[in-house]
Amino acid sequence: MEYNFDSHTFYQSLFEFNPDIVYFVDASGRLERMNDVFFQKLGFNNNYEISSIDSLLPLNYDQMHKEAFHKVLSGTPQNMNMKFIHKMGHLLDINLTMIPAYLDGAIQGVFGIAKDVTDHMKALQLNTYLANYDPLTGLPNRKLFQEKLEQAIIVGNTLNRKVAVMYLDLDRFKYINDTLGHTLGDNLLIQIATRLKQCLSENAIIARLGGDEFGILLTDFYTHQAEERSKKIIESLDKPFLVENYNLFITTSIGISIYPNDGENPLTLMKNADSALYKAKELGKNNFQVYSSSLNAQTFKIFSLESSLRHAIEREQLELYYQPKVCPKTFEIVGAEALIRWNHPEWGLVSPDEFIPLAEETGFIVEIGDWVKRTACIQMKLWQESDLPKIPISVNLSANRFLEKSLISNVKQILEETKLESKYLEIEITESSILENEKVVFSVLEELKLLGIKVALDDFGTGYSSLSTLKRFKGLIDILKIDRTFIHDLTSFETDDSNFITNTIIQLAQQLDMEVVAEGVETTDQLKVLNNYNCNSIQGYLFSKPVPATKFEKLLSKGKLIPEEMKTKEEKLTNNAKGFEIILENPLKATMTLTQIRGNKVELGTIDVLIEEACTKRLTFLSDIKLAVNHAIILKLKTKILNKNVKFIGSIVSIAEPKPHLYQYVLEYKMDETELVNITKTLDEFGTLQKPSLLSQCNFIQVDRYAFFNKD
């Protein structure tokens, strides 16, 4: 079938009904013809308002268009991405195709077909932005930060420059988020991002890595400059933030790693900066630490605990210990406090002081808190059903958990599930809990009161609450627990301020119809003073340290606990097992480090310990760091004896706790025969020649062994 084409009509149809901008420009560049879409898209009314395409182009596109135009006039079509200026001044993204216009075999000009891709480009830009930037703060996200770090390493390697990675974590941000709401928390993060940008130079790359963590990348600098920037950041964030009429105070901990010293790839540098961050937190937060390959044992421990904490409940590693509360007059057990412990497969029994702060920072504290309440209630109900004395059991709540809306419903549910009467459950909170958001606190306390649950104010005297604050909570706070720092210095001579303060607290509490519990009682002298002051109950090592449920059940069956002035020491190992033994009047100061865990070598820094006894097969040492009885963990102790540097390598075979948070270990040697022979010779010589004149030849300490670990 043959078609009779009317070329003009055919051309006209293609020109006019095209959904894109179509125009014709003659060889001189004059705009001769445009379709209706041209006027619609660009905002012009008629041909007289515009005479050339050049007038539509931004200056930076003018030269590119001219070169393409001349190529088309030479017979070569062109396609490019560019921008046109709308009559109202805004820019349109255009995909432009230009083809030669032939007439009678000769090129007379250029046809242009311009596709408006503005919306498409905006969508692409948005997708790119969302993939690389944090939508809340507008800062680069973790993905882009890692890409920038990788680029900086390549440049640093080429130009022999250093690169610093700074890891920032906001202290107590989760507490603010949970108590005041996520909207306020988001506004605070925006202000923090703004302040970080203000206090750092333009060449610093700041990123939000997730949650309340920020990353900073510094290039071409000296190490001391990273430290100076850290101090500047800490000072900047130290000023209050005004958010929704709240004056909020936030601090930060910072970890720093440096290329190439601390790693040669982004993953290693970020991991080591994170390790340094843990060290900063361990040292009290609101400070910074530069990464060192010699992380000390405690930092390494915290780092490994955090990674396995989330699985502790499902792997049934958590356990409750119970410490009795005793009447100072009758010695009857009148209550108990449930204290959580973590049976870690590598680190042994881990105390809450070590892992609860990690749980609060990671948000796992909610699950742990629910587990503690439920487990304590189940255990108490079992004891009651076994006809043991019915006593109340107290559990601790963190400040942020106490202020959560779900607390009351959660407590009700647990009591219903366990069928425990509410009067046998007590809630312990800290002073900081009642100082934050007083209106919410009153509401929670009143609801607990209606349930018949008593509330104890823990560690009283160490916070910032005033006597007037305490008075406002009369009738809502049932029990006041005096912090152990006041009990420690109690004396029967009444010459110390602690006596006066403790007596005043007891009298004040009882005037407000509150019971008083004294924590940390260790001596009969302290017991006598507290008894004279009519303290209601006593809690401390004098009667019992926290013990597992099976041991507490035996204590509860006795009903009374008679204190002993001197605790019996654990049975000594037999001479046959130990060879000869040297008991030191003054302990030897030594340095201790972990060298192996499960056969893997580790390089950690050292901590100070005290060697109390030494023999040919094992030694006894004191430390304020909790370690595990685990043959797979190898330790090395180094000291000076008779001017010789002596090292002991072995694993811990037993542990005791002579004082709260102070641990006595027995280390069994794991050394070859040559090393054991040398140690035996040195100890033999030392045991034979022990004289005061030898003190300067050994690392003896001249202070009380327990005072040695007092960091106050």
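Details
- Rounded accessible area of residue 148 (nearest 10 Å², 1.4 Å probe): 80 Å²
- Accessible area per residue in Å² at 1.4 Å probe, computed on the chain: 51 Å²
- Solvent-accessible ranking of 367, 337, largest area first, probe 1.4 Å: 367, 337
- Nitroxide proxy distance, nm - points 7 Å out along Cα→Cβ at residue 489 and residue 419: 5.2 nm
- Only protein heavy atoms count here; on that basis, with a 1.4 Å probe, residue 180 has an accessible area of about 50 Å².
- Protein-only accessible surface order, largest first, of 202, 428, 213 at 1.4 Å: 202, 213, 428
- Full-stretch length increase - residue 28, residue 113 - with 0.36 nm per residue and alpha-carbon distance subtracted: 28.8 nm
- Antiparallel DSSP beta bridges within the chain, as percent of all bridges there, nearest 5: 80 percent
- For the chain, the longest principal axis of the alpha carbon atoms and the long axis of helix 266-282 meet at an angle near 40°.
- Net charge contributed by nearby residues that have their C-beta within less than 14 Å of residue 651 (K/R +1, D/E -1): +3
- Angle between the chain longest axis and helix 407-418 axis [Cα atoms, degrees, rounded to 10]: 60 degrees
- Residue 545/residue 471 FRET efficiency (R0 41 Å; Cβ-Cβ; nearest 0.05): 0.75
- The chain - mean residue ellipticity at 222 nm from DSSP helices (-39,500 (n - 2.57) per run, n ≥ 4, rounded to 500): -11500 deg cm²/dmol
- For the chain, the longest principal axis of the Cα atoms and the long axis of helix 365-385 meet at an angle of about 30 degrees.
- For residue 88, the accessible area of its heavy atoms, probed at 1.4 Å with every protein chain present, is near 150 square angstrom.
- Count Lys and Arg as plus one, Asp and Glu as minus one, and take only other residues whose Cβ is under 11 Å from that of residue 621; the net charge is then 0.
- Length-normalised contact order of the chain in % [C-alpha pairs under 8 Å, at least 6 apart]: 7 percent
- Nearby aspartates and glutamates by direct alpha-carbon distance to residue 589 (threshold 15 angstrom, same-chain neighbours under 8 apart not counted): 608, 612, 613, 624, 704
- Of all accessible heavy-atom area on the chain, the percent that carbon and sulfur account for (1.4 Å): 51 percent
- The structure-derived value of P(r) over Cα pairs in 10 Å bins from 0, in percent appears in the list (i) 3, 12, 17, 17, 17, 15, 10, 6, 3, 1, 0; (ii) 3, 15, 26, 27, 18, 8, 2, 0; (iii) 2, 11, 16, 17, 16, 12, 7, 5, 5, 5, 2, 1, 0 under the label (iii).
- Partner lysines for residue 551 [C-alpha distance under 21 Å; skip if fewer than 8 residues away on the same chain]: 325, 373, 381, 390, 560, 567, 569, 659
- Solvent exposure ordering (accessible area, 1.4 Å, most first) of 183, 252: 183, 252
- Net charge over other residues, Cβ less than 13 angstrom from the Cβ of residue 82 (K, R count +1; D, E count -1): -2
- Nearby lysines by direct alpha-carbon distance to residue 231 (threshold 28 angstrom, same-chain neighbours under 8 apart not counted): 143, 148, 162, 174, 197, 239, 271, 279, 281, 285, 301, 711
- Listed pairs 412/481; 423/449; 454/528 exceeding 20 Å between Cα atoms: 412/481; 454/528
- Cα shape, segment 97-213, gyration tensor, a/c 1.5 rule: oblate
- Calculated Rg and Dmax of segment 148-256 using C-alpha coordinates, Å: 15.2, 51
The values are calculated or read from the model by the stated rules, or taken from the named source; none is laboratory data. The model shown is predicted, which means the values in this text are computed figures rather than measured ones. Using ideal geometry, Cβ is built from the backbone for each residue, glycine included, and neighbour counts are taken over all protein chains shown. Only protein heavy atoms, including side chains, enter the accessible area calculation; ligands, DNA and RNA are left aside. Shrake-Rupley method; radii C 1.70, N 1.55, O 1.52, S 1.80 Å.
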